[in-house]
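A short worksheet on the structure shown next.
Every read-out reported here was derived from the displayed coordinates using simple, explicitly stated rules and does not represent laboratory data. Bear in mind that the values here come from a model prediction, so they are computed numbers and not experimental data. A quick note on method: Cβ atoms are made from the backbone with ideal geometry, for glycine too, and the neighbour counts reach across all protein chains shown.
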Amino acid sequence: MADYEVLRHVTIGQYLPGESLVHTLDPRSKIVATIALIAAITTVGYFTGQLVLLAFLVLLVGLAGIPLRYALGGLRPALGMIILLAAMQVLFYRTYAGASPAPSDASAVLWQAGPLNLSLPGLRLAGLTILKLVEMMLAVSLLTLTTSLTSLSRAIESLLSPLGRLGFPAHEVALAMTIALRFVPTLAEELEKIAKAQASRGADFGYRRRWSFVQRVRRLVPLLVPLFVTSFRRAEEMVVAMEARCYTGGHGRSSYRRLRATALDLAAAGFVIFAAGLLIVVPFPI
Amino acid sequence: MSTKPIIDIKDLWYTYLRGTPLEHVALRGVNLSVQPGEIVALVGHTGSGKSTLLQHLNGLLMPQSGQVRVAGIDLHEPGADVEAARRAVGLVFQYPEDQLFEPTVGDDVAFGPRNLRLPRSEVRERVRVALESVGLGFDAFRDRSTFGLSGGEMRRVAIAGVLAMQPQVLALDDPLAGLDPGGRASLLRLLAELRDRQGLTIVFVSHALDEIAGVVDTLHVLAEGRVVASGSPREIFRSPEIVLEMGLRLPEVPALMQRLRAAGFPVRTDVLTVEEAAEEIWRTTKSCVM
Amino acid sequence: MAAVIRIENLRFRYPEAPTDAPLALDGIDLRIDAGEYVAIIGHNGSGKSTLARHLNALLLPTHGDVWVEGMNTREARWRLQIRQIVGMVFQNPESQLVATTVEDDVAFGPENLGLPADEIEQRVEDALRRVGMLSLRLRPPHQLSSGQKQRVAIAGVLAMRPRCLVLDEATSLLDPLGREDVLNTVHNLHQEGITIVAVTHSMLEASLADRVIVLAQGQIALDGSPREVFRQKQRLRAMGLDVPPMLELSQLLRRRIPGFPDDRLTPDEMVAALESLRYRVAVPAAAS
């Protein structure tokens, strides 16, 4: 039975206020640090390295005073998919030239049946994939749970502003991001309402193995079309409201709040970048 | 009354996001009973639990504690037939026109019946009946573009989409929201017609106490997740203390009668319309004017 | 008294409409003075929102002119100033809030004007205080009720220091409590001296104004005090409009009780009228 409250568990865009060190860091440092962490998570191909990252992230989550279960909540809806993905990775793992690491001896294969096989490298790859997904979730949740949307959008605007001088529409991008962030919870609520309404008319959003990809996409139409229509209508209304408040683009605009980075913020970001770089570069045994 | 209620809710509790930092208790032991063919309104402030309660009627939300029996289906039992509840109770959400998605009206109304995997001829028949019962002619509207209709028409199409499931109970969350006075009167007439002509039980959430009083059989007042008062509109207006305590406002006319009574005029307070009020005031003052 | 808004022979057709379609506004002449509280009512399609949008140059006349404090809305060079003087709040609370917190949203307008950060800070606080939302300044929009959102929208406009506030059906989508909060806020702003133009389809709201303008088919059909306008029940009914319940009651009682006023608008007035009836009648009895 589909759970319509699922979106309430989505932690992206949710902010849990707190007084921890992580909460009070300059949001720009946090964004830069998160990017560095994500770079490390995606590129590090060794278990040891990934476990270090995992430990670091769990530590940070604890430091921020966030229940671990809550930070991982966003994975809940995708849990089935993740397990399936991992299973498929294991079962269909093939050794081929260039695969890393490259086991060429048959002793690594534990079981085989036709095109399916169970091998150590396959298990390793699947394990890494799951680890990476969990870490990504933690890293992004950590950012959004400890940083208010305001701070995030201010930080993005600040980070992008040097590009503005090069002709890049930094302000417009920042404003578009702010508006998008502001609407994430609203759209989530609306999606929930639409899903419930369509389910009340017998629509089935559960997962069925026998559905083809096309069928699965078609079932999303009653969810997405109304959301799009509402969003477009709302966008038109927003434009009028913004013009009524004298919005004419980024030129000539001032800014309400300035972010001020302290030595601690710079140090924290610097440390994470350094550590991430180290993990990427250093070859681990496993 | 010897008939069995079509909706029977006992001691229903429901908490959102249980076990998380954002936990919120929405229903605290709700008791509600609705007879078949009744028109019932749930009133109360935002946050009193009205929408949560509605969503228990068709199994979108399952009771965490307590009993919910709808059209003979026990939703509190494990393995309850939720799909049957979905068919028995048609739920119309607030601003239902926001959920339209098919390019043509006919297709959108057909969404429900098609999900029931009915044969095409039956689907077409249900669409026809549903559109006619909301006052939109089948031939005139079936090929119209869904998004090219007026707001009031779109809302009727959305309601038709739910009626096409042929429910026994029609549950609506704030069906009058956003309509102008004419539109509201017209929609209330439609709800009364659906009950009179098709015997549907109607349960709806509303804020507009004044306008619905003429149509509704029973009002249930919700506050903080509980039903605090139930009765016909006249009964509620006769003794509105609980309602007033909850900070809800009486409609202008009954409120006036309350004030007149407090000022020493011996008027009845269970008055619904301006005409009744005039009669009642005249009755008590004509001796003065003679 | 200075005219905040002056409209002469305004005629308007939407650009997308075919040239033989009837005009949305068909010859409007109107003058609104500083400090007035004007309600504009009319059936759907009467042109009330269209008229409202001419007041801050969101729409420009097809024929005729609109002046805001002497500035013609057709002239592009005055546009920003006009929109500062005439602020507008719209029907949907959700689509007016752009930022991620209340105070950031209220700051949006002043930021557009390029004001220094300290001034913006002051205006934001001042505006939020006037609408009673200062304590919720850090809240994100999705945690606000619709009435609260609408008050934030009003604050966003107030931060521009307008002299006139136009409300385009700003209470239609609100629950009763939210509507009450917004109307109280508007009342207070009027007391502070801000000119209010409220487009509404609620007769009760219209009766709160000093002046009611009734639009029908793009023209002004009635213009007067609420009492003068609502007394004309038949004409209003013919235009698809209703009258406040108390007025209806007044007229019904007038038929039975000669001399009873036929134009009471509020429950207070009705109670007072009935009490004076009782007193009036009681006196002869005491005298005899």
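Okay, here's what the table says:
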{"read-out": "Dipole moment magnitude, nearest 20 debye, the protein assembly as shown about Cα centre, only Lys, Arg, Asp, Glu C-beta charged", "value": "1240 debye"}
{"read-out": "Stretch gain in nm, segment A:R216-A:I35, where the contour uses 0.36 nm per residue and the Cα spacing is subtracted", "value": "61.9 nm"}
{"read-out": "Residues in the range C:102-138 reached by a label modelled at C:R161 [backbone nitrogen below 15 Å; 7 Å Cα→Cβ]", "value": "C:109-127"}
{"read-out": "Nonlocal amide H pairs with C:L215, under 5 Å, H built at 1.01 Å", "value": "C:I41, C:G42, C:A221"}
{"read-out": "For the protein assembly as shown, share of DSSP beta bridges that run antiparallel, in % to the nearest 5", "value": "55 percent"}
{"read-out": "Estimated 222 nm signal from helices in chain A, with DSSP H stretches of n ≥ 4 weighted -39500 (n - 2.57), rounded to 500", "value": "-20500 deg cm²/dmol"}
{"read-out": "B:L118 paired with A:V239, simple spin-label distance in nm, labels 7 Å along Cα-to-beta-carbon", "value": "4.1 nm"}
{"read-out": "Max mean-square fluctuation residue, GNM over chain B, Cα-Cα springs under 10 Å, options B:A140, B:A85, B:A26", "value": "B:A140"}
{"read-out": "Degrees, to the nearest 10: B:120-133 long Cα axis against longest axis of chain B", "value": "20 degrees"}
{"read-out": "Length gained when the stretch B:Q35-B:E245 is fully extended (0.36 nm per residue, less Cα-Cα span)", "value": "72.8 nm"}
{"read-out": "Size descriptor, Kirkwood hydrodynamic radius, that averages inverse alpha-carbon separations across chain C, Å", "value": "20.5 Å"}
{"read-out": "Amide H partners (placed H, <5 Å) of B:V92, local residues excluded", "value": "B:A171, B:L172, B:D173"}
{"read-out": "Simple label model, 7 Å out from Cα along Cβ direction - C:N72 to B:R261, nm", "value": "6.3 nm"}
{"read-out": "For chain B, convex hull volume per residue from C-alpha positions, Å³", "value": "160 Å³"}
{"read-out": "Net length gained if the chain between A:A176 and A:A55 were fully extended (0.36 nm per residue, minus Cα distance)", "value": "40.1 nm"}
{"read-out": "Residue exposure sequence - B:W13, C:W67, A:W111 - by fewest surrounding Cβ within 10 Å", "value": "A:W111, B:W13, C:W67"}
{"read-out": "Spin-label model distance (nm) - A:T262 vs B:R238, 7 Å beyond Cα toward Cβ", "value": "6.9 nm"}
{"read-out": "GNM result for chain A, Cα springs below 10 Å: residue of A:D265, A:D26, A:D204 fluctuating most strongly", "value": "A:D204"}
{"read-out": "Computed FRET value (nearest 0.05) for A:V281 with B:A84, which takes r as the C-beta separation and R₀ as 60 Å", "value": "0.45"}
{"read-out": "Prolate/oblate/rounded label for chain A (Cα gyration tensor, a/c 1.5)", "value": "oblate"}
{"read-out": "5 angstrom amide H check on A:S119, placed H, neighbours 5+ away", "value": "A:L110"}
{"read-out": "When the protein assembly as shown is reduced to its Cα atoms, the Kirkwood hydrodynamic radius in Å", "value": "30.9 Å"}
{"read-out": "Order of A:H251, C:H63 under a 10 Å beta carbon neighbour criterion, fewest first", "value": "A:H251, C:H63"}
{"read-out": "Lys pairs, the protein assembly as shown - Cα-Cα below 27 angstrom, 8 or more residues apart or on other chains", "value": "13"}
{"read-out": "Ranking of C:R137, C:R11 by count of other Cβ atoms within 10 Å, fewest first", "value": "C:R11, C:R137"}
